[in-house]
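Notes to accompany the following structure.
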Amino acid sequence: MPATTALVNTAAWLPPKHAALEVRSAPYTRPGPDEIVVDNRALAVNPLEWMIQVAGNLMYPWLKQPFILGSDVAGEVVEIGSSVTRFAVGDRVIGHAVGTDKDSNSSARGAFQRYAIVFERLATPIPSSMPFADAVVLPLALSTAACGLFLKDQLALEYPTADPTPTGKTLLVWGGSTSVGSNAIQLAVAAGYDVISTASPRNFDYVTGLGATRVFDYRSPSVVGDIVAALTGRTVAGAIAIGKGSADPCADILGESTGNRFIAIATPAVSFERLADVSGPNLELPRILARLVSSSVALQLKTRRKGIRSKFIWGSDLKKTELGAVIYENFLPSAIADGRFVAAPKPLIVGHGLESIQAGLDAQRKGVSARKVVITL
Ligand SMILES: NC(=O)c1ccc[n+]([C@@H]2O[C@H](COP(=O)([O-])OP(=O)(O)OC[C@H]3O[C@@H](n4cnc5c(N)ncnc54)[C@H](OP(=O)(O)O)[C@@H]3O)[C@@H](O)[C@H]2O)c1
């Protein structure tokens, strides 16, 4: 009998009816052949998780509560699957947990627990000098940025390398101070693209520090014209739209620019903040659904008129293609170790222990600026 069967697992469960997370025991599940089990030392919180808590039936109808959410894990490997070659027990890793995906639909594969399962191809070793709480900001945001930039049915950019050849093309990253944007900027630069981005002025230095050459205030009434002017004479590689309402200005900008008229869209067409009271009935839901339909139709009409294609990003789609290995196996380990790729944004540690995850969801829902909500374990 392997020693791991003696491991006692605990999780923060999402109960039925949008209630607050409940911390209680969970089974320890052994990994499949291409999976590893991580003893979590830090977890990060994404908008996805509180959105599922308040609107799960709409967005992820296949999830049946009680369920264990969570995408970002950092910790030590405690067990490896039979075909795993890149990791050994005791390795320090980060990983993208995909338990909420329809083809996974597995609480054992959610991040919000002591022992979580991740695919070997969605995990990366981290240096001993790198705190788990710093490294855990990466996985879902990194995967989402990579899917938008590199998948063949998205922007299909060149892959990132240690020594990129300049492509002479410029990528628009709308929302450069978001977690997804912080990764998109770094990945695009590592793939040889010039990056123009947007953020609040207080984050301009942060965004240029990640590699963007120009940053514009997305709240400025002249932002579209200013970016169109900055792109004059350049060949555009397309846009990744991150943040509420971001696809619309990206369409206006690409409509006036030369190059790849494609928008990879990270943010859902409507926001769910008004569903924030997890204890009450979601009376807003029908209105949100109606807004979702009308804003999607309006965007489609606009992009078609301007000859622009767009596609919503599914942040874990890289697991089905070679891109998972390109990012997590070929690019990231040395890029992190050499300091060519930084774990950004910095963690905002809201608490310690699984009991703090609900506070993390609440903090992320209230909004952060160039920070990632993290819980240490
Ligand atoms: N499709 C997927 O698979 C997937 C996966 C992950 C995330 N997402 C989505 O991607 C978006 C970003 O997620 P995240 O975790 O990276 O967010 P986040 O880090 O929590 O975003 C916070 C940042 O959003 C910026 N922001 C707010 N409104 C904005 C707007 N209208 N335009 C541009 N930036 C804006 C703020 O910038 P300033 O402080 O500089 O103002 C702040 O720094 C969310 O909508 C999320 O739902 C999608």
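Tabulated results
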read-out: Modelled FRET efficiency - R0 22 Å, GLU355 with VAL8, Cβ distances, 0.05 increments; value: 0.85
read-out: For the chain, convex hull volume per residue from C-alpha positions, Å³; value: 125 Å³
read-out: Percent carbon-and-sulfur accessible area, the chain, ignoring ligands, DNA and RNA, probe 1.4 Å; value: 55 percent
read-out: Per-residue HN-Hα couplings for the range 34-51 [Karplus 6.51, -1.76, 1.60; θ = phi - 60°; Hz; x = Gly/Pro]; value: 9, 10, 10, 9, 10, 7, 5, 10, 7, 10, 10, 10, 10, x, 3, 6, 6, 5
read-out: Relative pair counts by distance (%), Cα atoms of the range 114-205, 10 Å bins; value: 15, 42, 33, 10, 0
read-out: Around THR161: net Lys/Arg minus Asp/Glu count, Cβ-Cβ under 15 Å; value: -4
read-out: Per residue value of the accessible surface for the chain (all protein chains in place, 1.4 Å probe), Å²; value: 40 Å²
read-out: Cα-based Rg and Dmax for the range 1-136, where Dmax is the largest Cα-Cα distance (Å); value: 14.4, 42
read-out: Stokes-Einstein translational diffusion, the range 168-275 - Kirkwood Rh over all Cα pairs, 1.002 mPa s, 20 °C, in µm²/s; value: 158 µm²/s
read-out: Cα pair count fraction exceeding 16 Å, expressed as % - the range 301-377; value: 71 percent
read-out: Within the chain, helix-based [θ] at 222 nm, where runs of 4 or more DSSP H residues each add -39,500 (n - 2.57), nearest 500; value: -8000 deg cm²/dmol
read-out: Highest average packing first - 125-131, 73-79, 353-359, Cβ atoms within 10 Å; value: 73-79, 353-359, 125-131
read-out: Amide proton proximity set for ALA42, modelled H, under 5 Å, gap of 5+; value: ALA74, LEU377
read-out: Computed Kirkwood radius, in angstrom, where 1/r is averaged over Cα pairs of the range 227-377; value: 18.7 Å
read-out: Gap separating the Cα centres of the range 96-119 and the range 284-346, nearest whole Å; value: 20 Å
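The values are calculated or read from the model by the stated rules, or taken from the named source; none is laboratory data. Not measured: the values here are computed from a predicted model. FYI the Cβ positions are ideal-geometry reconstructions off the backbone, even for glycines, and counts take in every protein chain you see. Surface accessibility is based on the protein's heavy atoms, side chains included, excluding ligands, DNA and RNA. Shrake-Rupley method; radii C 1.70, N 1.55, O 1.52, S 1.80 Å.
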